[in-house]
Structure formats: C-alpha cells, structure tokens
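K.L.:
Can you keep this structure in mind? I'll have questions shortly.
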Amino acid sequence: MSAVRFNVLDGWRGISILLVLACHLLPIGPSFLHLNFLVGVLGMALFFTLSGFLVTHFLIGRPYVIDFLIRRFLRILPLAWLYILVALFLNPVTREVWLAHLFFYANYPPKPLIHVTDHLWSLCVEMHFYLGLALIVSLLKKKGLLLIPVLCIVVTLLRVINSEHVSVITHFRVDEILAGGILALIYNRKLGDGLIKTLSHVNYVYVLVLLLVSCHIDGGFMSYFRPYLAAILVGATLYNQNTRFAKLLEHKWLFYIASISYALYVIHPLLASSWLGSGDLIEKYSKRPLLFIVLFLLAHFSTFYYEHRLMAWGKATFLKLKLSKL
C-alpha cells in the first residue's frame, strides 16, 4: 500500500504551497483582517498533515528505519543544504548560526534564523519528526506507530498549558504532523473501522470553515483543534473522491505544482530578497509576475535536474551497499 498514488493528496500539496507562496509574496485583503497570517498557517497545517500521513503510511508498509531515513534525507538535504550554503554565504553569520542551520535546530531559542532562512523552521520540525519516529520504530517496530495518537494529544496539551496558538518550536507544532500520522493509521485500519465510516460521511465544507477559524490570529482556543481539523479535511476528501472538489484536487496542474512544491518552498525567500523583490510598493508588486516565472523555472530545474538525480544516485548507491553485504 505504501506505493499507492494518492491523487487528492497531490492536489492538497499543490494547494498548500500556493497558499504559503501567497502568504509570503502577495497582499491578501486589508491588513486588519490578517488574512496573510491565516493563509500561511492554513498552508502549513495542510502541508504538515500530508507529511505525517505519507511518512506514517510508508512505515506501516515498510518499517525499515535505515531505508526510511535515507529516503527522507535524500529528499530534504540536497536542496536544503545548497540553499543554506548560498543564503548564509550572501549573508555572513557566525559558526553557531551555521551549525544551527545545517543540523536543523535553528527553530529553537535563540532562533538564529535570518530573513532569508526564517521559513526553514518547518524543515527543522520535519527533521525532528523523522528522527523521533525512526527511533520509535527502531525500538518498538511497527507497533510503535500506535503511539502517534498519544504523542499528538500530549503535544496539543503542551500547547494548551503554554497558550501556544501558533509556534515554530517543534514540541509546540509537531501535532500538525502527528495528526496526519493518525489519519494514516485510520486509513490502514490500525484504529478500527469506526473512524473510517465517520470520515466517509464528513461534510468537508463545514470542516473547512472551522479550520479557517482555527488558523486565524484571533481564533483563540480553536487553534488547538487545527491539527485535527486539517487531518479530518484531508481525510474527508480521501474518502469522498467522487465529489467535484475531489476531482478538482486531481487536476494535472495541481499535480505538477505538487511535484515541484518542495523547491518552490525552499527557494522563494531568496528570490524575494533579490532585485525581483526590491523597490517601493508599486515597483515591488509590479515585479511579482517576473518573480513567479523565475521561481517556477528554478523550482522545475531543481526538482527534475538536481534533486531527482541526486535521489536516484543515492538510492542506487544504498542498494549496492545492501547487495554487497548479502
């Protein structure tokens, strides 16, 4: 099952990156409505949900920790490290800041992220999740994945106790990824059939409204439900793929955007800090079409001519090492 293609999930990934890009690069409505904040939080909640689902789904089908970590590192590190190298070379920093970036703990105080790397907090959260889940599976095997719901609730309770509505610190944000892991457990029938029946009857329009409230800066206590609402929304479309909205999620353009989404996410702040993002308000936004064109071209090149080739080389090298030990 880990090799199954989830078309609606590709659609959600495409939507999530478009929301994040809109948050960072476009003005969305009057500033007093804080819609940029809402859209950014929504995009990341969806992205984290998808990540948690796919990673957990993979480990349910193939609970081999070394294989899992190599695949994840090959997916994340080549572009992330290249971007960090370029960004910090152009913006000289101390050795401590270099180390925090390269080893993905820069989302913790004193949070040494700079203006062109501030978005990399999410990669820190992702890497911590990968390592934590790998440790659990290595110790408890596949049954260790059943701890995901417990860990998710614990993280949410930590947020409640500390009044953390939106945070970049792993132990105050990783419940969004863990909620996706719960969805994967449900999908693979590890938590019974009752939740599957519930998800198949959910009206995702109502869930979307509640999710939007939970993502707003004034969402208050609703923000604590954001991880679960995002997972329910994605799950509802996963189990209702005959609806018009689910069909829209399978559109080929969303699939393409999803395929280059990681590169789009990593690269865009550096472009926004260049000439393409300079000038007064009118000049800056008049350059936005050109910025988007350059961004998509670079993301396409990075994905298909840099990342994919390194991933293929890494996987082939790992396979040779495995075969040599047999």
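The values are calculated or read from the model by the stated rules, or taken from the named source; none is laboratory data. All values reported here derive from a predicted model rather than from experimental measurement. All Cβ positions, glycine included, derive from the backbone under ideal geometry; neighbour counts span all protein chains shown. Please note that ligands, DNA and RNA were not included when accessible areas were found on the heavy atoms of the full protein model with its side chains. Shrake-Rupley method; radii C 1.70, N 1.55, O 1.52, S 1.80 Å.
K.L.:
Taking the condition of being closer than 27 Å to Leu99 by Cβ and open to solvent by 40 Å² or more (accessible area, probe 1.4 Å), how many residues in segment 52-62 meet it?
P.N.:
The total comes to 0.
K.L.:
For His101, all conditions in the list (1) more than 17 Å from Val168 (Cβ to Cβ); (2) free of Cβ contacts under 8 Å to residues at least 40 places away in the same chain; (3) outside any loop (DSSP other than H, G, I, E, B) hold save one; what is the number of the exception?
P.N.:
The one condition His101 does not meet is (1).
K.L.:
State all residues of segment 231-252 that are open to solvent by 20 Å² or more (accessible area, probe 1.4 Å) and either of a type outside the set (A, V, I, L, M, F, W, C) or modelled with pLDDT of 95 or more (or both); if no residue qualifies, say none.
P.N.:
Ile232, Tyr239, Asn240, Gln241, Asn242, Thr243, Arg244, Lys247, Glu250, His251, Lys252
K.L.:
Name the single residue that is surrounded by the fewest Cβ atoms within 10 Å (Cβ to Cβ) among those in segment 202-228 being without any contact (Cβ under 8 Å) to a residue 24 or more places away in the chain and aliphatic (A, V, I, L, M).
P.N.:
Taking the candidates together, the pick is Val205.
Quick grid of which residues meet (1) of a type in the set (Phe, Trp, Tyr); (2) at positive phi; (3) more than 18 Å from the chain's Cα centre (by Cα):
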residue: Ser200; (1), (2), (3): no, no, yes
residue: Leu229; (1), (2), (3): no, no, no
residue: Val234; (1), (2), (3): no, no, no
residue: Trp253; (1), (2), (3): yes, no, yes
residue: Tyr262; (1), (2), (3): yes, no, no
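K.L.:
Tell me, which helices (runs of 4 or more DSSP H) lie completely within segment 261-326 with 2 or more residues that are closer than 26 Å to Cys23 by Cβ?
P.N.:
Once the helices (runs of 4 or more DSSP H) in segment 261-326 are filtered for at least 2 residues that are closer than 26 Å to Cys23 by Cβ, what remains is 261-272, 281-286, 288-302.
Yes or no, residue by residue, for (1) crowded, with 18+ Cβ neighbours inside 10 Å; (2) closer than 30 Å to Leu183 by Cβ; (3) not polar (S, T, N, Q):
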residue	(1), (2), (3)
Ala100	yes, no, yes
Phe103	no, yes, yes
Ala106	yes, yes, yes
Leu120	yes, yes, yes
Phe129	yes, yes, yes
Lys141	no, yes, yes
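K.L.:
Quick one: would you say Ile148 is open to solvent by less than 70 Å² (accessible area, probe 1.4 Å) and in contact with a Leu (Cβ under 6 Å, 6 or more places away or on another chain)?
P.N.:
yes
K.L.:
Restricting to segment 63-98, name every residue that is of a type in the set (D, E, K, R) and surrounded by 15 or more Cβ atoms within 10 Å (Cβ to Cβ).
P.N.:
Correct list: Asp67, Arg71, Arg72, Arg75.
K.L.:
Please count how many residues of segment 284-320 are modelled with pLDDT under 85 and open to solvent by 100 Å² or more (accessible area, probe 1.4 Å).
P.N.:
Qualifying residue count, segment 284-320: 1.
K.L.:
Please list, ordered by first then second residue, the pairs with beta carbon atoms under 6 Å, 6 or more apart or interchain, first in segment 299-314 and charged (D, E, K, R), second part of a helix (DSSP H, G or I).
P.N.:
Glu307/Pro78; Glu307/Leu79
K.L.:
So, one more: Do we have any residue at all in segment 263-274 that's surrounded by 22 or more Cβ atoms within 10 Å (Cβ to Cβ), hydroxyl-bearing (Ser, Thr, Tyr) and within 30 Å of Val154 (Cα to Cα)?
P.N.:
yes
So that you can scan it fast, the table gives a plain yes or no per residue for (1) closer than 19 Å to Asp175 by Cα; (2) among the acidic types (Asp, Glu); (3) in contact (Cβ under 8 Å) with a residue 60 or more places away in the chain:
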| position | (1), (2), (3) |
| --- | --- |
| Pro112 | no, no, no |
| Asp118 | no, yes, yes |
| Glu126 | yes, yes, yes |
| Leu135 | yes, no, no |
| Ser138 | no, no, yes |
| Gly144 | yes, no, no |
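K.L.:
Anything in segment 3-14 that is open to solvent by 40 Å² or more (accessible area, probe 1.4 Å) and not small (Gly, Ala, Ser)? List them, or say none.
P.N.:
Val4, Arg5, Asn7, Arg13
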